[in-house]
Amino acid sequence: MTGYRLGFQSALWAEFLKARRSTVTLLTGLGFLILPVVSGVFMIILKDPEAARSMGLISAKAQLVAGVADWPTHLGMLNMGVSIGGLVVYAMITAWLFGREFVDRTVKELLAVPTPRWAIVAAKFLLLALWLPAISLLIFVVGLGIGALVDIPGWSAGAVWSSLGEMMAITLLVYMLMSPVAYFASVGRGYLPPLGWAFLTLVLAQIAGALGWGEWFPWAVPALLSQVNGPRLEPMGAGSYGVVALVFVIGVVATLRWWQRADQAGG
Amino acid sequence: MPSAIEIDGLTKNYGPVRAVDSVSLQVGQGEIYGFLGLNGAGKTTTIRTLLGMIRPDAGAVSVLGQRVGPGGRGPWGRVGHMVEAPAAYPELTVYENLEIARRLQGVRERGRTGEVIEQLGLSPYRDRKAGKLSTGNRQRLGLARALLHRPELLILDEPSSGLDPAGVVEIRELLETLTDQMGVTVFMSSHILTEVDRLASRVGIIHHGHLIEELDSGALETIRERRLAVRTRDLDAAQRVLEEAGLAAKANERTLYLQDGQAVDAPDEVASLLVNGGAAPTYLAVEQENLEDYFLRITGGER
């Protein structure tokens with residue numbers, strides 16, 4: 001077992017180094033920071049209706065999405081952004097993490113080494129489990145800074161903590177939905193199939209939400225948790241979490257199985 | 001002593017295409033086995049199967065006495081490999097790429113990465129990003145990775161590809177040193193015949209997925225065709241003189257070729273014959289078919 005542990009540690013060390021050196025890490029993090037900035041702009045507009053009116057269309061849109069300029073609205077927008085945008089941005093990270101081995105043709109250097117293949121796949125999933133919450137946390141912290149800068153009314157430490165908890169829960173759900181993305185990046189040996197999958201699920205989630213089936217459609221569940229359709233009257237059922245967990249398990253097992261068994265004739 | 005590599009009836013299909021067809025071969029320990037074939041002949045498929053990257057449709061593959069199983073099981077800590085063009089993480093330096101390999105190989109000695117960088121002449125590029133390396137240096141990086149864990153068996157796909165002539169010689173010497181001094185077995189594919197010719201102790205020729213010939217480098221010496229090449233100022237006159245003496249000669253632009261054993265064994269007599277016949281030779285040489293000619297002859301000259 002020591003050998004296996006060592007193999008896993010080696011694989012994890014390698015994944016961290018690759019992620020640290022990659023511009024993808026920086027770019028996705030920076031790119032997603034647009035979220036707290038946009039929310040901050042909405043807050044500025046909502047705070048000053050006079051200025052908002054003079055800005056025409058933008059203020060009308062801001063009214064539509066946000067409502068009032070206060071902390072719960074601002075933080076709620078961040079959570080909503082992660083629950084929907086995360087399905088794409090976090091899928092990009094996942095697609096890169098798994099697909100890059102095929103695009104850079106480095107996969108062949110990972111297959112015939114003493115470190116078992118499952119350890120390499122597990123290390124990637126573990127890295128992702130740390131990377132995605134880190135980005136969410138960054139969005140949240142920057143959101144707090146921007147909120148303070150804009151001087152949004154209605155601060156309450158309790159609301160901030162509960163929003164943070166919600167953000168992490170949403171991130172965990174989005175993370176669990178990333179395992180099929182990893183699978184498609186591996187089987188598709190690149191970036192396009194997983195991203196195609198991510199956009200498809202995002203669109204289907206919108207449709208499922210609109211039809212009222214969101215609670216049973218895994219990719220709509222994070223958005224439901226972020227109360228994107230207004231505050232829930234009842235807490236979400238365990239079944240909703242169950243379907244997300246089921247997707248996670250299926251995706252992980254399929255990815256592991258593919259790495260263990262599939263012919264690696266290319267790359 | 002068990003074989004370092006044992007391939008028994010290996011067959012692999014890609015859809016309707018049979019890439020490798022019932023290939024069986026053995027490589028003894030300490031041997032340098034040259035695996036020759038044109039592009040698409042089945043070399044890389046065979047190598048990937050040896051490394052457990054591809055599952056055979058039929059047949060079995062053993063490496064260092066261990067059956068290469070599904071899920072990538074195999075004695076990989078004792079095998080160094082380089083499959084097709086070596087790949088590296090472009091944003092990582094040479095050192096970092098090798099550090100990843102060192103850890104995945106389970107090599108505990110930290111200094112080993114520096115050693116292998118030096119061994120392959122990569123010291124000036126130690127901190128250069130792999131994406132900015134020349135093809136030759138990327139090849140060296142691939143070889144460094146293959147040698148990092150001091151393997152007993154090296155499985156190399158076209159190891160000299162992309163190297164300049166000096167680099168080719170350097171790698172040849174390195175492989176010779178590894179086999180001579182450390183008893184490393186080398187299984188290398190190539191389409192550069194001179195490379196295999198000089199290095200390999202045994203050669204297998206694969207063509208359209210079939211292993212069509214397997215020979216020792218010593219055997220090659222005996223089965224290669226020899227011929228006598230003759231040039232004179234008047235090729236037609238020389239050909240007439242030779243034919244009158246009962247020696248068949250084939251003319252090829254400026255040269256006559258004689259394959260008759262008698263002529264090849266006694267070029268001096270051929271010279272006298274030509275001088276006496278008034279067609280004195282300006283050039284006379286016994287030429288031995290090289291591996292390339294032999295290869296083209298037995299594969300039907302297809303390129």
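Brief remarks follow.
- Unique match (being touching a residue at least 12 places away in the same chain (Cβ under 8 Å), more than 30 Å from B:D21 (Cβ to Cβ) and among the acidic types (D, E)) among B:E253, B:E213, B:E244: B:E244
- Filtered residues of the stretch B:131-183 (kept if crowded, with 16+ Cβ neighbours inside 10 Å and among the polar types (S, T, N, Q)): B:N137, B:Q139, B:S160, B:S161, B:T179
- Test: residue in the stretch A:184-195 that is over 30 Å from B:A19 (Cα atoms), of a type in the set (S, T, Y) and surrounded by fewer than 20 Cβ atoms within 10 Å (Cβ to Cβ): no
- For the stretch B:41-76, residues that are hydroxyl-bearing (S, T, Y), more than 9 Å from chain A (Cβ to nearest Cβ) and under 26 Å from B:F295 (Cα atoms) total 2.
- For the stretch A:44-66, the count of residues that are modelled with pLDDT under 80, more than 14 Å from chain B (Cβ to nearest Cβ) and at positive phi is nonzero.
- When A:A134 is tested against (1) buried (at least 23 other Cβ atoms within 10 Å of the Cβ); (2) within 19 Å of the chain's Cα centre (by Cα), just one condition goes unmet, and that condition is (1).
- Restricted to the stretch B:222-245, and to residues there that are among the charged types (D, E, K, R) and touching a strand residue (DSSP E or B) at 6+ places or on another chain (Cβ under 6 Å), the residue that is farthest from B:G277 (Cα to Cα) is B:R224.
- Single residue of B:T113, B:T49, B:T93 found to be more than 27 Å from the chain's Cα centre (by Cα), surrounded by 21 or more Cβ atoms within 10 Å (Cβ to Cβ) and of a type in the set (S, T, Y): B:T113
- Which listed residue, of B:R231, B:R202, is of a type in the set (D, E, K, R) and in contact with a helix residue (DSSP H, G or I) (Cβ under 8 Å, 6 or more places away or on another chain): B:R202
- For the stretch B:1-34, filtering for residues that are buried (at least 23 other Cβ atoms within 10 Å of the Cβ) and not aliphatic (A, V, I, L, M) leaves 3.
- Cross-chain or 6+ apart pairs with Cβ under 9 Å, the stretch A:153-167 first and buried (at least 18 other Cβ atoms within 10 Å of the Cβ), then β-branched (V, I, T) and part of a helix (DSSP H, G or I): A:M167/A:V82; A:M167/A:I139
- Residue identified as in contact with a helix residue (DSSP H, G or I) (Cβ under 9 Å, 6 or more places away or on another chain) and either surrounded by fewer than 20 Cβ atoms within 10 Å (Cβ to Cβ) or not aliphatic (A, V, I, L, M) (or both) among B:G65, B:G71: B:G71
- Beta carbons closer than 6 Å, at least 6 apart along the sequence or on distinct chains, pair a first residue in the stretch A:98-114 that is under 12 Å from B:L51 (Cβ atoms) with a second that is among the hydrophobic types (A, V, I, L, M, F, W, C) and part of a helix (DSSP H, G or I) for A:L110/A:I120; A:A112/B:W76; A:V113/B:W76; A:V113/B:L104.
- Apart from one condition, A:P114 fits all of (1) surrounded by 22 or more Cβ atoms within 10 Å (Cβ to Cβ); (2) closer than 30 Å to B:R78 by Cα; the exception is (1).
- Checking A:W131 against (1) aromatic (F, W, Y); (2) at pLDDT 95 or above; (3) within 18 Å of A:L30 (Cα to Cα), the condition it does not meet: (2)
The values are calculated or read from the model by the stated rules, or taken from the named source; none is laboratory data. Values in this document were obtained by computation on a predicted structure and should not be read as measured data. All Cβ positions, glycine included, derive from the backbone under ideal geometry; neighbour counts span all protein chains shown.
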